[in-house]
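*Asks:* Have a look at this one.
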2 protein chains.
Amino acid sequence: MFLGLKLEMVFGQMGHFRWTQTYEEGGHYSVWIQMSEGPGETSCIHTVDKQPHSAYLPLLVAALLLAFIAALFVVAPYVYRRRCTSKFIKTVCCQSIQYSLDNDTPDACGAENSAAKSKPTRLRSLDTFRGFSLTVMVFVNYGGGGYWFFQHAPWNGLTVADLVMPWFVFIIGTSVVLALRSMQKRGLSQMQLLRKITWRTVVLLLLGFCFLNYSPRDGLLSWSWLRIPGVLQRLGFTYFVLSLLQTFWGQKEMPVKTYHWLNPVQDVVLYWPQWLIIILLETLWLCLTFLMPVPGCPTGYLGAGGIGDNGLYPNCTGGAAGYIDRWMFGDNMYRHPTCKIMYHTTEPFDPEGILGTINSIVMGFLGMQAGKIIICYKGANFHILCRFLVWAIFLGISAAILTKCTRDGGFIPVNKNLWSLSYVTCMGFFSFLLLGGMYFIIDVKGWWRGRPFIYPGMNSILVYVGHSLLGFYFPFSWEMRFLDSHWEWLFQSLWGTALFLLLWRPR
Amino acid sequence: MFLGLKLEMVFGQMGHFRWTQTYEEGGHYSVWIQMSEGPGETSCIHTVDKQPHSAYLPLLVAALLLAFIAALFVVAPYVYRRRCTSKFIKTVCCQSIQYSLDNDTPDACGAENSAAKSKPTRLRSLDTFRGFSLTVMVFVNYGGGGYWFFQHAPWNGLTVADLVMPWFVFIIGTSVVLALRSMQKRGLSQMQLLRKITWRTVVLLLLGFCFLNYSPRDGLLSWSWLRIPGVLQRLGFTYFVLSLLQTFWGQKEMPVKTYHWLNPVQDVVLYWPQWLIIILLETLWLCLTFLMPVPGCPTGYLGAGGIGDNGLYPNCTGGAAGYIDRWMFGDNMYRHPTCKIMYHTTEPFDPEGILGTINSIVMGFLGMQAGKIIICYKGANFHILCRFLVWAIFLGISAAILTKCTRDGGFIPVNKNLWSLSYVTCMGFFSFLLLGGMYFIIDVKGWWRGRPFIYPGMNSILVYVGHSLLGFYFPFSWEMRFLDSHWEWLFQSLWGTALFLLLWRPR
């Protein structure tokens, strides 16, 4: 977008120039250096041949438009409350929500709504959060209008695109707790639960492997290039581990609420075997990442390799994580990592690799914690929100310490490719805040019903797979003609996202 | 497969050779000609360097295997009739059919079952026929094991692949009659019918245009190459016209069955306005095809152009049909017609073009005739079957006359690209025979329940779109390694087809 340059050029004895200028997107700039015979007469002229276009104007217009539409939906019910004549207006303002108990999707939850109403059987804020993540995912998959912050960070760092998957993992964790509790209440045995969990995992793995790991663009599936890891594979595996944890060590009855010094932390203490396992897993991640020797690379290397780090470790992309994956999968992994262009890396690196999956489980466990809080303090919304806040603060501070509040300079930088520990704590911070906020607005206060996000949120796997398979067909997407500005691209991204949102409105 | 050669070579005065040999697939052959000084001593030796493989062996094995599986399914119920213990066997032998009234699919029919049972609400033979067509379509889409007769004819001629679409159109016609009658019985007004018909047509057109006319292989949709006609577009338009015909001129009450000289043909006479329109349409097709002057081409040209007809008319591919389409759609039509490779054509030609759609309507009208027969002679199965036979014979004779029983030498050759009149009559012949046969076996005698074809047949559009979108992903398809024989290809074609068949079994 912007390129701030500070240059100092020295031409022998003929003079030197120093200039500071901001070069903006789409502008054409020239610098004329005129050299004369006499010393000191050399001059330097800056011209702007073509004015840059305002890169952020499309974003502003889109934001205003979306705000206007949102406002319309807020105001419309008040205006038309007593004038529900036509079918359209009925749809807009008077439609009663249909509760869909799609417990058959792996991330469904038949949770108790703690707002003490009896009718709703789903935690609306969780569905809304899930739908919101999906919406952001679809939007960034369309390129997010071509803005860099809507695309993945090349290596370290955090962009909007990097937020989505951990949110989703967090939500899986929360859903697992609520769904398993609901199933347990319905009297399902541990064996039945195990069968359900395994079946869902297998479906997720197969869906990911067969339909999402490649597209017809790559031709028919061939062993020579097939990718084994993948997003749904990681989600499925994370779901599997979390579900096992919850099945074997999670079905605790809440103790009677008498005073006990452990009460304030009972939502943690009750599940100590789970915590033990998670701490062991995280220790494993830390040990493998920082202590495992990788041939030809410094131990504990976290960089992108390629021309990064002055080109000292070109084949070390991802350090231990990359090494383990390349050892396990050979060439059958992702070949176009986000670092490839900027760092000129040559090694394949899979952002959904094995080491990262450990931290994905930890992330999901944070989501489970949210679910446990909701169950444990059911009916005591103030308690729930306080606990969410405490967790958010704790995780936020951890992230700040781990990263020293810098992108590359901390102990463990925030990195989506590695799913580094700081990335997990940072995303845990966001997740607790967001879920807490939505819980307050949607389930506690009832100010918002979660529309339009709640609909895709209730059919998440279908929406995800559907988007992956159909999202690049017309009318969701088309070959763009005006790529020199963000207008068409942003419109396409928003249009495709909006269509997908609207597709899942209940009819 | 086979290449029979009769050669006569004359080498001046040195001798001449004459040989007749059959060259088979995969064989390597050499012909050695040894020339000596003296006349008459020149010799010619034939050798087979590599034995040809038996191209038809895979087909034979597959046929035996399928026959074995079919036999298993026939025998199993008898063996296990009183031993339905496990769930699997229940599924195989004791499952009761679930009747699905999916009147929402455009080709659904809520027809009366004329076997005088009251429970079944669908004509099982029609669903089975539809499912059978779909199955053949999926099989030939996978390349039909690489056999030429499972792939489309380059221009004139009829292969298995050419059978599918007219069958489908025929079934649409029959379904329209049965479905509209069922809706009329449920008391829907003409306006409601029109709305339903229009909606279904629009959905078909959009599905075809957006999802089936290209694949992600082609990249994002671009105006520069988008194809406007297409299979679903033609099916949709045909459905629309047939439904209009039936809505406005088809809702006749059957007269009381007293004797009248018109009785034997009342199923035709009652619908005379429809017949008038169809005859006018067919006249239009004949006039446009044979009388319309096409610049640079002989009037009434039916050839493929290119190097066909001794290369006299290279740009005349498809004669009037091609000309009209190119005039209407410009470049926005099919660019890889089946004639392209054999005839080296350069012009685009769309097998789902405008002129062909007229004959597609005529084909569908033949299907409507089948539906009318079923309604008109309800309960009189002998009558129905006789009439089917009469129509089949009539259409068969017409086709024989039009083609003079040759591929290229008749008045109008059988041609799937043009949907020529002889193609329509020939396919009408097949359709009446097949539907009649299935009607007899399934609905009259009850010897067969239509499985496994009936399940995809009840969800045809879903199956078709699903196959088009997902059919070339694993595990339906993969990159083949052994293309020098038919084994792997045939296995893949059968495997993909079987998976699709099984996907639609009711659970």
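The values are calculated or read from the model by the stated rules, or taken from the named source; none is laboratory data. Everything quoted here is computed from the prediction, not taken from an experiment. Cβ placement follows ideal geometry from the backbone for every residue including glycine, while neighbour counts extend to all protein chains displayed. Protein only, heavy atoms only, side chains kept; ligands, DNA and RNA dropped before computing areas. Shrake-Rupley method; radii C 1.70, N 1.55, O 1.52, S 1.80 Å.
*Asks:* What residue, of A:310, A:332, A:315, is in contact with a Cys (Cβ under 9 Å, 6 or more places away or on another chain) and either surrounded by fewer than 24 Cβ atoms within 10 Å (Cβ to Cβ) or farther than 27 Å from residue A:226 by Cβ (or both)?
*Replies:* The unique qualifying residue is A:315.
*Asks:* Okay, next question. Just one of A:410, A:379 is more than 30 Å from residue A:288 (Cα to Cα), more than 14 Å from chain B (Cβ to nearest Cβ) and out of contact with any Gly (no Cβ under 8 Å at 6 or more places or on another chain); which is it?
*Replies:* Numbers: A:410 fails: more than 30 Å from residue A:288 (Cα to Cα).
Selected residue: A:379, the only one of A:410, A:379 that is more than 30 Å from residue A:288 (Cα to Cα), more than 14 Å from chain B (Cβ to nearest Cβ) and out of contact with any Gly (no Cβ under 8 Å at 6 or more places or on another chain).
*Asks:* Quick check on my filter: what residues within the range A:480-494 are surrounded by fewer than 16 Cβ atoms within 10 Å (Cβ to Cβ), within 14 Å of chain B (Cβ to nearest Cβ) and not aliphatic (A, V, I, L, M)? Outline the logic, then answer.
*Replies:* Narrowing the range A:480-494 to residues surrounded by fewer than 16 Cβ atoms within 10 Å (Cβ to Cβ): A:480-484.
Pick out the ones that are also within 14 Å of chain B (Cβ to nearest Cβ) and you get A:480-483.
Selection gives A:481, A:482.
*Asks:* Just to be sure, is residue B:181 open to solvent by less than 10 Å² (accessible area, probe 1.4 Å), touching a residue at least 40 places away in the same chain (Cβ under 8 Å) and either among the basic types (Lys, Arg) or away from chain A (no Cβ under 14 Å) (or both)?
*Replies:* The answer is no for residue B:181.
*Asks:* In addition: Output the number of the condition that residue B:453 fails; it satisfies all remaining conditions of (1) more than 14 Å from chain A (Cβ to nearest Cβ); (2) within 30 Å of residue B:50 (Cα to Cα); (3) crowded, with 22+ Cβ neighbours inside 10 Å.
*Replies:* It is condition (2) that residue B:453 fails.
*Asks:* With the structure loaded, tell me whether residue B:394 is touching a residue at least 60 places away in the same chain (Cβ under 8 Å) and either more than 14 Å from every other protein chain (Cβ to nearest Cβ) or touching a Leu at 6+ places or on another chain (Cβ under 6 Å) (or both) or whether it fails that test.
*Replies:* no
*Asks:* Which members of the range A:163-200 meet the condition of being among the charged types (D, E, K, R), closer than 22 Å to residue A:458 by Cβ and assigned to a helix (DSSP H, G or I)? I'd like the intermediate steps shown before the answer.
*Replies:* In the first step, residues of the range A:163-200 are kept if they are among the charged types (D, E, K, R); the result is A:181, A:185-186, A:195-196, A:200.
Then drop every residue that is not closer than 22 Å to residue A:458 by Cβ, which leaves A:181, A:185-186, A:196, A:200.
Matches in the range A:163-200: A:181, A:185, A:196, A:200.
*Asks:* Could you tell me whether the range B:2-25 includes any residue that is among the hydroxyl-bearing types (Ser, Thr, Tyr), modelled with pLDDT of 55 or more and open to solvent by less than 70 Å² (accessible area, probe 1.4 Å)?
*Replies:* Yes - at least one qualifying residue is present in the range B:2-25.
*Asks:* What single numbered condition from (1) farther than 18 Å from residue B:133 by Cα; (2) more than 11 Å from chain A (Cβ to nearest Cβ) fails to hold for residue B:473?
*Replies:* (2)
*Asks:* List pairs: first in the range B:140-153 and outside the structural domain of residue B:350 (by TED's automatic domain parsing), second open to solvent by less than 10 Å² (accessible area, probe 1.4 Å) and among the aliphatic types (A, V, I, L, M), Cβ under 7 Å, 6+ apart or cross-chain?
*Replies:* Pairs found: none.
*Asks:* Still on this structure: Return a yes/no flag: does the range B:186-197 have any residue that is surrounded by 20 or more Cβ atoms within 10 Å (Cβ to Cβ), away from chain A (no Cβ under 14 Å) and not basic (Lys, Arg).
*Replies:* Yes: one or more hits.
*Asks:* Could you check, for the range B:233-245, whether at least one of its residues is over 25 Å from residue B:459 (Cβ atoms), open to solvent by less than 20 Å² (accessible area, probe 1.4 Å) and at pLDDT 90 or above?
*Replies:* yes
*Asks:* Can you tell me which of B:466, B:437 is of a type outside the set (Asp, Glu), within 14 Å of another protein chain (Cβ to nearest Cβ), open to solvent by less than 40 Å² (accessible area, probe 1.4 Å) and outside any loop (DSSP other than H, G, I, E, B)?
*Replies:* B:466
*Asks:* Cβ-Cβ below 6 Å, separation at least six or inter-chain, first residue in the range B:210-232 and facing chain A (nearest Cβ under 9 Å), second open to solvent by 50 Å² or more (accessible area, probe 1.4 Å): which pairs?
*Replies:* Pairs that qualify, where the first residue is facing chain A (nearest Cβ under 9 Å) and the partner is open to solvent by 50 Å² or more (accessible area, probe 1.4 Å), are B:210/A:474; B:216/A:217; B:216/A:472; B:217/A:217; B:220/A:479; B:221/A:474; B:222/A:479.
*Asks:* With respect to residue B:203, is the statement that it is within 14 Å of chain A (Cβ to nearest Cβ) and either under 23 Å from residue B:372 (Cα atoms) or modelled with pLDDT of 90 or more (or both) true?
*Replies:* Taking the combined requirement at face value, the residue satisfies it.
*Asks:* Continuing with the same structure: Given the conditions (1) within 30 Å of residue A:477 (Cα to Cα); (2) modelled with pLDDT of 95 or more; (3) surrounded by 14 or more Cβ atoms within 10 Å (Cβ to Cβ), and given that residue B:221 satisfies all but one, which numbered condition is not satisfied?
*Replies:* (2)
*Asks:* Further, regarding this structure: Can you tell me how many residues in the range B:417-433 are touching a helix residue (DSSP H, G or I) at 6+ places or on another chain (Cβ under 6 Å) and open to solvent by 40 Å² or more (accessible area, probe 1.4 Å)?
*Replies:* 2
*Asks:* Scan (1) out of contact with any helix residue (DSSP H, G or I) (no Cβ under 9 Å at 6 or more places or on another chain); (2) hydrophobic (A, V, I, L, M, F, W, C); (3) within 29 Å of residue B:176 (Cα to Cα) for the single condition residue B:327 breaks and write down its number.
*Replies:* That leaves (3) as the condition not met.
*Asks:* Would you pick out the residues in the range A:260-306 that are more than 18 Å from residue A:418 (Cβ to Cβ), open to solvent by 50 Å² or more (accessible area, probe 1.4 Å) and in a loop (DSSP other than H, G, I, E, B)?
*Replies:* A:260, A:261, A:295, A:296
*Asks:* Considering only the range A:18-77, how many residues are assigned to a loop (DSSP other than H, G, I, E, B), more than 30 Å from residue A:489 (Cβ to Cβ) and aliphatic (A, V, I, L, M)?
*Replies:* At the first step, the residues of the range A:18-77 found to be assigned to a loop (DSSP other than H, G, I, E, B) are A:25-27, A:35-42, A:51-56.
Now narrow it down to the ones that are more than 30 Å from residue A:489 (Cβ to Cβ): A:35-42.
Filter once more, so that each one left must be aliphatic (A, V, I, L, M): A:35.
The total comes to 1.
*Asks:* Report, by residue number, each residue of the range B:47-70 that is of a type outside the set (Gly, Ala, Ser) and over 23 Å from residue B:31 (Cβ atoms).
*Replies:* If the condition is that a residue be of a type outside the set (Gly, Ala, Ser) and over 23 Å from residue B:31 (Cβ atoms), then B:56, B:57, B:58, B:59, B:60, B:61, B:64, B:65, B:66, B:68, B:69 are the ones that fit.
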